[in-house]
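Heads up: the structure comes next, in structure tokens.
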């Protein structure tokens, strides 16, 4: 994991490619076969797609009236679809670089009856002022305010501010209150500035987010290759461009040779495992959250029981993880993460280094993932 954290691996760059080559080598050593690199085109930063939405919303606020409200609401709706990964139409036009996934397989012993897809992203996030604000807000929310108790299962999100700003601009336009719509416009322009500032920075070491997830996939592949489950095919997918908008997961889902059968497939995502307490994502997104199926979340409880762990905590993320695209594609999915004090530790900050990873948390998450895989293999 320290080797991976030492590679500057911003999305869709030569560093990400180098990380992918490292991951392919390690997958082969772990016992995977048919290991290959998959290249695709995608943005190096989410700013390339988010900033136009913020600017369009601000222009609507500046214009005012019915036309301004319509523009702001259209920008808000498009941003929601973009942020959650349902429709990224700007990805076709925005500048892009060459990005890389790694795919390896463990063939089923005997006739294939089930397919387990293990997913972890290789790339690391760019840091910026926005992430320092998120960290401070997370600490403030955890401390709470008089008369208000913070929820234990809702994490702070950089998407919350533009959500409120879009609402302000639209409300100001529709009510004719100039100060309200202009305030929303100013906040949206501030969001654009923060996005551009983030896009100008280097990637963080990404030890917890997400060298821990990659290490977990490698450990599980080694275990499952040494003791293959009857009828279980395992696909190890190390994605690129997760940090810039789940580009690698989208590319793999869109370009695989044959579709996966939802009745015999489980996608298990491993992301940011070194923060503390194992947790399963129940919802993602700051606007209209996308939900994971209750039956899939319950599988995590059964997996925990198999390995002697307590049922994992449920969390709602304001951002994204790769498995949500599997949900959009109609595939059963579990997104496994870890949290401490209602947040990821050192999230998207230069301090996300190997010495700050909670290794006990990583071990617990790997055990939980193994229990989930065992439950799935046995038809639970």
task = Specify which of the listed residues (192, 279, 216) is outside the structural domain of residue 37 (by TED's automatic domain parsing) and either under 18 Å from residue 376 (Cα atoms) or modelled with pLDDT of 95 or more (or both).
result = 192
request  = Go through the stretch 186-217 residue by residue and tally those that are under 30 Å from residue 360 (Cβ atoms) and buried (at least 21 other Cβ atoms within 10 Å of the Cβ).
outcome  = 15
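Yes or no, residue by residue, for (1) crowded, with 21+ Cβ neighbours inside 10 Å; (2) modelled with pLDDT of 95 or more:
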residue: 322; (1), (2): yes, yes
residue: 346; (1), (2): yes, no
residue: 367; (1), (2): no, yes
residue: 371; (1), (2): yes, yes
task = Inspect the stretch 177-185 for any residue being in contact with a strand residue (DSSP E or B) (Cβ under 6 Å, 6 or more places away or on another chain) and surrounded by fewer than 21 Cβ atoms within 10 Å (Cβ to Cβ) and give the result as yes or no.
result = no
note = Of 63, 109, 17, the only residue that is surrounded by fewer than 22 Cβ atoms within 10 Å (Cβ to Cβ), within 30 Å of residue 229 (Cα to Cα) and in contact (Cβ under 8 Å) with a residue 24 or more places away in the chain is 109
task = For the stretch 227-239, state whether one or more residues are buried (at least 21 other Cβ atoms within 10 Å of the Cβ), touching a residue at least 40 places away in the same chain (Cβ under 8 Å), on the phi < 0 side of the Ramachandran plot and assigned to a loop (DSSP other than H, G, I, E, B).
result = no
key: Subset tally (residues that are surrounded by fewer than 20 Cβ atoms within 10 Å (Cβ to Cβ) and either modelled with pLDDT of 50 or more or in contact with a strand residue (DSSP E or B) (Cβ under 9 Å, 6 or more places away or on another chain) (or both)) for the stretch 139-156   = 7
request  = Quick one: which residue in 90, 116 is closer than 20 Å to residue 24 by Cα, outside any loop (DSSP other than H, G, I, E, B) and either touching a residue at least 40 places away in the same chain (Cβ under 8 Å) or out of contact with any helix residue (DSSP H, G or I) (no Cβ under 7 Å at 6 or more places or on another chain) (or both)?
outcome  = 116
inquiry  = Only one of 253, 182, 224 is farther than 22 Å from residue 120 by Cα and part of a helix (DSSP H, G or I). Can you tell me which?
reply    = 182
message = residue 164 - would you say it is outside the structural domain of residue 318 (by TED's automatic domain parsing), in a helix (DSSP H, G or I) and either surrounded by fewer than 17 Cβ atoms within 10 Å (Cβ to Cβ) or without any contact (Cβ under 8 Å) to a residue 12 or more places away in the chain (or both)?
response = yes
request  = Inspect the stretch 30-44 for any residue being within 18 Å of residue 248 (Cβ to Cβ) and in a helix (DSSP H, G or I) and give the result as yes or no.
outcome  = no
inquiry  = Out of 30, 12, I need the residue that is assigned by TED's automatic domain parsing to the domain that holds residue 287, crowded, with 21+ Cβ neighbours inside 10 Å, in contact with a helix residue (DSSP H, G or I) (Cβ under 8 Å, 6 or more places away or on another chain) and within 30 Å of residue 108 (Cα to Cα). Which one?
reply    = 30
remark   = Filtering the stretch 296-317 for residues that are surrounded by 21 or more Cβ atoms within 10 Å (Cβ to Cβ) and under 13 Å from the mean Cα position of the chain (by Cα) leaves a count of 1
message = Can you find, within the stretch 256-271, the residue that is modelled with the highest pLDDT among those that are assigned to a loop (DSSP other than H, G, I, E, B) and in contact with a strand residue (DSSP E or B) (Cβ under 7 Å, 6 or more places away or on another chain)?
response = 271
request  = Being in contact (Cβ under 8 Å) with a residue 12 or more places away in the chain and more than 20 Å from the chain's Cα centre (by Cα) is the filter; apply it to the stretch 68-87 and report the residue that is nearest to residue 291 (Cα to Cα).
outcome  = 76
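The values are calculated or read from the model by the stated rules, or taken from the named source; none is laboratory data. Since the model is a prediction, treat every value here as computed from it, not as a measurement. Here the Cβ is made from the backbone with ideal geometry for all residues, glycine too, and neighbour counts use every protein chain on show.
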